[in-house]
Amino acid sequence: MLHNFNSGPSILPKEVLQQASEAIRDFNGIGLSLLEIGHRTPWFVEVMQEARDRVKKLLQLNDEYEVLFLHGGATTQFMQVPMNLLGEGETAAYCDDGTWGSKAIGEASLFGNAWVAASSKDRAYTYINKHPEVPAHCKYLHITSNNTVEGTQWHQFPDTTVPLVADMSSDIFSRVLDFNRFSLIYAGAQKNMGAAGVTLVVLKRGLPGHISRPIPPIMDYRRHMEANSLLNTPPVFAVYVALLTLRWIDKEGGIAEMERRSIEKANLLYSTLDSLPIFESRIAKEDRSRMNAVFFLKDSALETAFLEKCKQEGMVGVKGYRTVGGIRASMYNALPLASVQAFCELMKEFARTH
């Protein structure tokens, strides 16, 4: 049996994989593959509308919000957010809380001024600096809610008088939050929401449209809102897999149940980790991610042997990110508790024999 700890693209519910494979052969019994239908046919318009409606329901968003499914991954949002919200000479505040936050800062600086409101770079991003300094003139504050590479997570969000923008690519739909306090949320689908190829953007309708810079239509949030995410051909298959995953989350008990499972899995892994002196976590305990547990062998010479043992036991995707190293176990919504239990048993056995 394989245990899929990949950080993204990552594990999907088995029933979602089954339903998606059936749709490739014959979508809803119409005699055509999902991959063959036009994106403006009633068949797919219904898929897109249901996906958007389910996002609003699961996140309990009020009527101020628009839901978009776009191309380009979260990395494109590093550019698209400031392109739409940050005018020339204006300033946006950013939290430099990890690899992806740092990249977002670099993109924002191409369109205006990127003010670093808080940073945890001084300790190699092993904690969250929870007290950003946000000047009142800033157009928004950008944070990365969960840092996939480093294994940190915001567990309480800062109070701010400016619009709050969040990259939630690796923890969307995993915990109960007041999502209405955010002015814009974006998330690549390939971790907790579906297959790679589509990005979720949730934003307040009145947020874009206040800058004078010309925006190419394909990058303009307003144009996508007007077209109900059908401005151009969307990634049809990825949107459908996202819809199936959203249905699965709802059927399993919604975000509250995803959070309960997430806490159970993370508590088990971290308690095991802390009990075995052969391993070490360098992350501040209060900032540990429930989605991505990053840790190390105290004796780095044992890392190769540990990864080989993981390979033998079917533990897939546990090698740390290339800039960080070590071990990373990603525990997204679709990962069963049994996989975390098996991984913890492997850790105990490795510690006993080494």
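Residue 298: within 27 Å of the chain's Cα centre (by Cα) and among the basic types (Lys, Arg), yes or no? It is false that residue 298 is within 27 Å of the chain's Cα centre (by Cα) and among the basic types (Lys, Arg). Residues that are open to solvent by 30 Å² or more (accessible area, probe 1.4 Å) and closer than 30 Å to residue 292 by Cα were ranked within the range 192-229; the one that is nearest to the chain's Cα centre (by Cα) is 196. Look at residue 273 and say whether it is aliphatic (A, V, I, L, M), surrounded by fewer than 20 Cβ atoms within 10 Å (Cβ to Cβ) and in contact with a Lys or Arg (Cβ under 6 Å, 6 or more places away or on another chain). Spelling it out, it is not the case that residue 273 is aliphatic (A, V, I, L, M), surrounded by fewer than 20 Cβ atoms within 10 Å (Cβ to Cβ) and in contact with a Lys or Arg (Cβ under 6 Å, 6 or more places away or on another chain). Mind checking whether some residue in the range 184-197 is in a helix (DSSP H, G or I), of a type in the set (Lys, Arg) and either touching a helix residue (DSSP H, G or I) at 6+ places or on another chain (Cβ under 7 Å) or farther than 17 Å from residue 85 by Cα (or both)? Checked the range 184-197: no residue is in a helix (DSSP H, G or I), of a type in the set (Lys, Arg) and either touching a helix residue (DSSP H, G or I) at 6+ places or on another chain (Cβ under 7 Å) or farther than 17 Å from residue 85 by Cα (or both). Checking the structure you have, find out if any residue of the range 299-318 is aliphatic (A, V, I, L, M), within 28 Å of residue 201 (Cα to Cα), at pLDDT 95 or above and not in a helix (DSSP H, G or I). No, that holds for no residue. Among the residues here, residue 323 qualifies as open to solvent by 40 Å² or more (accessible area, probe 1.4 Å), of a type in the set (Ser, Thr, Tyr) and outside any helix (DSSP H, G or I). Being within 29 Å of residue 22 (Cα to Cα), of a type in the set (A, V, I, L, M) and at pLDDT 95 or above holds for only one residue in 273, 246, 268, and it is 246. Please work out which one of (1) in contact (Cβ under 8 Å) with a residue 12 or more places away in the chain; (2) farther than 18 Å from residue 52 by Cα; (3) open to solvent by 10 Å² or more (accessible area, probe 1.4 Å); (4) assigned to a loop (DSSP other than H, G, I, E, B) is the condition residue 159 fails and give its number. With respect to (1) in contact (Cβ under 8 Å) with a residue 12 or more places away in the chain; (2) farther than 18 Å from residue 52 by Cα; (3) open to solvent by 10 Å² or more (accessible area, probe 1.4 Å); (4) assigned to a loop (DSSP other than H, G, I, E, B), residue 159 is out only on (1).
Each residue in the range 235-284 was checked for being in contact (Cβ under 8 Å) with a residue 12 or more places away in the chain and either part of a loop (DSSP other than H, G, I, E, B) or not aliphatic (A, V, I, L, M) (or both), and 24 pass. Considering the range 26-49 alone, what residues qualify as being in contact (Cβ under 8 Å) with a residue 60 or more places away in the chain and open to solvent by less than 50 Å² (accessible area, probe 1.4 Å)? Residues satisfying the conditions are 34, 37, 39, 44, 47, 48.
The values are calculated or read from the model by the stated rules, or taken from the named source; none is laboratory data. What you are looking at is a predicted structure, and each value in this text was computed from that prediction instead of being measured. Virtual Cβ from ideal backbone geometry, glycine too; neighbours counted across all protein chains shown. Ligands, DNA and RNA are stripped out before the accessible areas are found, and what is left, the full protein with its side chains, is counted by its heavy atoms. Shrake-Rupley method; radii C 1.70, N 1.55, O 1.52, S 1.80 Å.
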